[in-house]
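Some notes on the structure that comes next.
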Amino acid sequence: MENRNFLKIKAKNEWLYRWLGIVSLGLFLSVMFDAEDIFSKKFVLTVVISIIQSAIFWHGTMLATYLVEKLAKRLNFLVFLMVNFVVVGLYVYSVCLFFRYLYINIYHGDMSQYNFTGSFLLSLFITYFISAVYVAIYYFNEYKQNMIKAEKLETANIEARFEMLKTQINPHFLFNSLNTLMNLVEENSTALRYTESLSEFMRYLLQSKEKKVVALADELHIVRGYVFMQKIRFEEKLDVSITINSDLFEMAVPPLSIQMLIENAIKHNIVSAQKPLKVEIFESCNKACVVIRNNLQPRIEHEPSAGVGLQNIVNRYSYLTNNKVVINRTDDYFSVQIPLLSTETKY
C-alpha cells in the first residue's frame, strides 16, 4: 500500500486557503444560527466561537485522517475510506458533546433552544466535505507523481534496452556459437562449465530486460555463475560468500542488481594475491534486505567503466519502492544495502 500523508499535501498557499475556509465557515454558521443579532456585540462573540469551532473541526479532521493513515497503511483505498469515515464521525460526535457540555454547564444555556441532533448532522456534513477535499487533493497529487514516475521508469527501460542492444551482435548467433563451443570443449569440465555459465548469463540478460523485478533465487543463481567465471580469472584472489536463508528466495530484486554490485567491487578494488578481494552477500534488517559488502582497497587506476552501475540500481529502486538503497563506506569496508521486494506487488 502506498504511504499516504495528508499532513504533507504540497499545495501552494494551502495554509492560507485553509484559514480562509475556517473564517468563512465561522461567519456562515454565525449568520445561520444568530442572524437576528447580527448587529449586536453578542454576534461578535458568536463569530469568534464559531471560528474556534470551525478550526477545531477542520484541524481535528486532518489529524484524524492522518492517524488512520498511520495505523492502517496496509488497507486498500476503499477500506481506508470506510475506517476514516467512522473515525471522523466519532470525532465529530465527541466534539459536539463537548460543546453541548460547555453550553449547558459553563454558559448555562437554555437546553430547549439547543438542537444537538441538527448541530451534529451539520457538523458531520461539513467535516466529511472537508475530509473529502483533502483526500481528493492528495490522491490527485499522488496520481500526477505516479504518472511522472511511470514515465521516468519507461524512459529508463528504453535507455537500458538501447544500451543492451548496442552490446548485442546477434543473440541467436551468440547462443549457437556457445553451443558449438561447448561441443568442442566437452572433455574439459572447467571449460564446459565456464561456457555454460556464460550462456546462462547471456540468456538471463535477454530474458530479464523486460522485467522490473526477478525472484531472488534467480538472481542468486546467475550470481553464482558469474562468480564462477570471475574466479577462473582471479582464482583465490577473489572470495565471494553468499549466506541467505532459502525462505527469502521467493522475494524479489531488480534484475542484475546483486551482480552489478559484485562487478563494481571488482572494478574499483585491488584483486591480488597480496590483497585478495572478499565480497559478502548476506541478509539483514530482519530479513527485509540484502547487504553486499566488500573489503575496501581502492585501485589507483580503475578498469574502464561507464560509472552508472550503482546509480542505476538506486534509480530503479526509487521507481519501485519508497524503501531506500543504503550505501555505507568506512576505512575498511564498502557496503550497499538493497531492500527485498514482494513478487506479488504490481510494479
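The values are calculated or read from the model by the stated rules, or taken from the named source; none is laboratory data. As the structure is a prediction and not an experimental result, all values here were calculated from the model. Note: ideal-geometry Cβ built from the backbone for every residue, glycine included; neighbour counts use all protein chains shown.
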Criterion first (modelled with pLDDT of 75 or more and farther than 19 Å from L25 by Cα) does V87 satisfy it? yes
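Condition (residue is modelled with pLDDT under 70 and more than 16 Å from Y134 (Cβ to Cβ)) applied to the range 52-61: is it met by at least one residue?
no
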Identity of the residue in the range 238-278, of a type in the set (V, I, T) and touching a residue at least 60 places away in the same chain (Cβ under 8 Å), that ends up nearest to A217 (Cα to Cα): V253
In this structure, does F282 turn out to be out of contact with any helix residue (DSSP H, G or I) (no Cβ under 8 Å at 6 or more places or on another chain), in the same structural domain as Y319 (by TED's automatic domain parsing) and among the aromatic types (F, W, Y)? yes
